[in-house]
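A short worksheet on the structure shown next.
A short reminder: the numbers here are calculations on the coordinates, not readings from a lab. All values derive from a computational prediction rather than experimental measurement. Virtual Cβ from ideal backbone geometry, glycine too; neighbours counted across all protein chains shown.
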Amino acid sequence: MVLSLKINEIFPVPPKLDRLEIFTGVWDVKGTIGLYGSATNIIGTWSSARVSSGWGLRANLKINFDNLGYYEQDDLIGYDPQTSGFQVFGVTNLGTQYLFNGLWQEEPCIVLERYGSQDGKKFFDRILIKDITDKNFRINENHEVEGKQVLTAELSLARLVK
């Protein structure tokens, strides 16, 4: 028996995934990151492309911190049609890995959150991606450990290449 249907006909990409298209390309990154109350400026690039026939997005962040050096992060963003949500799995050159769950909120905004325990301490991370247009967007990140804020990030991204 020969199947006459193609994979993308059997498993069509949901229209909601078209929202990810706005993030594809190369972006200039500028902003500040605060760690335990001390802030530093950052500059870098964020690049992303659709993967798995449109079912997800691959992203790479490279930034330089004033006086701290180079940071790199790779993310794989997948879509869950059962929840209409996103999962973001990432690894960094700090030896860390993470998994965020996210939802599109009021357009155009994405909220990513994760809860967990590290070294016996409870943590909560929240990333807000907002003011999304085809030319720029902003990211706000907060990381709390045992209810105390230990990391904040205020980033602005501007498109360099589609």
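One decimal place: the segment Glu154-Lys62 gains 31.6 nm when fully extended, by the rule 0.36 nm per residue minus the C-alpha distance.
Working ranking of peptides 12-21, 51-60 by packing, defined as the average number of other Cβ atoms within 10 Å per residue, highest first, is 51-60, 12-21. Sorting the segments 98-105, 64-71 by their mean number of nearby beta carbons within 10 angstrom, highest to lowest, gives 98-105, 64-71.
A simple packing score, the average count of other Cβ atoms within 10 Å per residue, orders the peptides 132-138, 85-91 as 85-91, 132-138, with the highest score first. Under the criterion of Cα pairs below 8 Å and six or more residues apart, the relative contact order for region 15-161 equals 21 percent. Note on the chain: with charges restricted to the Cβ of Lys and Arg (+1) and Asp and Glu (-1), its dipole about the Cα centre is near 200 debye.
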